[in-house]
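Contents: one structure, followed by commentary.
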Amino acid sequence: MSDYVASVAAPLRGPRRLRADMVAELGDGFEEAVAEREAAGLGRDRALAEAAAEFGEPRLVAAEIQRELAAAQARRTAWTLLIALPALTIMWDLFGGDGEPALAVVLLARLTDLATASAFTVAALVVAGRLERRAAALCGAAGLVQITVALGCSAAISAIGASGPPGLDPASWWWLSAGSAVGAAWIAVSAVRALRVGRTAI
């Protein structure tokens with residue numbers, strides 16, 4: 001990898017495979033430009049300098065690539081939210097207990113629903129192309145807020161003493177708990193990645 005391509009690649013953040021493909025494509029184009037100049041009789045150093053001048057300042061090229069990476073990460077995180085949130089909502093509904101819930105439990109459940117609906121709305125807007133500015137950061141923040149609120153409310157409901165799920169044997173309860181944990185972790189990891197990409201300034 002040439003120094004020029006390395007300087008472009010250094011600050012980039014985003015989906016690993018896409019980042020590698022874009023850097024490789026840039027490197028191939030840059031080397032072709034250098035080879036053309038060398039074939040015309042220029043020395044290696046002069047060919048490198050002229051190719052770098054043609055491609056532009058590394059910081060500006062990196063900023064353009066970073067915008068594409070951020071958009072890709074935003075879409076990826078948005079799809080994670082659109083898939084995982086409904087699945088988690090169904091799982092959490094299965095954890096509900098018998099009887100009339102206390103007012104505090106109802107309020108905590110509605111707060112979780114509000115956070116879920118907000119995150120789902122942000123994700124839907126990103127996928128639909130209606131939300132582009134800082135989409136990665138917004139998706140990441142929405143996902144983390146939803147998970148934080150959901151886990152906090154679940155802990156509070158447990159502390160209040162809400163009853164466990166009716167009619168579920170221990171094995172089913174274990175699988176539902178494991179699935180909920182995997183889904184929450186999936187959202188959290190994707191949200192953190194989106195936040196990091198969205199906060200990358202070049």
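Yes or no: region 49-58 includes at least one residue that is within 30 Å of L131 (Cβ to Cβ), free of Cβ contacts under 8 Å to residues at least 12 places away in the same chain and outside any helix (DSSP H, G or I). Yes, because at least one residue in region 49-58 is within 30 Å of L131 (Cβ to Cβ), free of Cβ contacts under 8 Å to residues at least 12 places away in the same chain and outside any helix (DSSP H, G or I).
Residue pairs whose Cβ atoms lie under 6 Å apart, separated by 6 or more positions or on different chains, with the first residue in region 108-131 and of a type in the set (F, W, Y) and the second part of a helix (DSSP H, G or I), are F120/L85.
Going by what's in this entry, would D21 be described as in a helix (DSSP H, G or I), surrounded by fewer than 12 Cβ atoms within 10 Å (Cβ to Cβ), free of Cβ contacts under 8 Å to residues at least 12 places away in the same chain and assigned by TED's automatic domain parsing to the domain that holds A128? When the stated conditions are applied, D21 does not pass them.
Of the residues making up region 1-15, just one is at pLDDT below 95 and part of a helix (DSSP H, G or I), namely D3. Would you mind stating whether A102 is hydrophobic (A, V, I, L, M, F, W, C) and without any contact (Cβ under 8 Å) to a residue 40 or more places away in the chain? No, not satisfied. In a helix (DSSP H, G or I), modelled with pLDDT of 95 or more and under 18 Å from the mean Cα position of the chain (by Cα): is that true of R75 in this structure? In short, yes.
The values are calculated or read from the model by the stated rules, or taken from the named source; none is laboratory data. Since we're looking at a predicted model, the values are computed, not measured. A quick note on method: Cβ atoms are made from the backbone with ideal geometry, for glycine too, and the neighbour counts reach across all protein chains shown.
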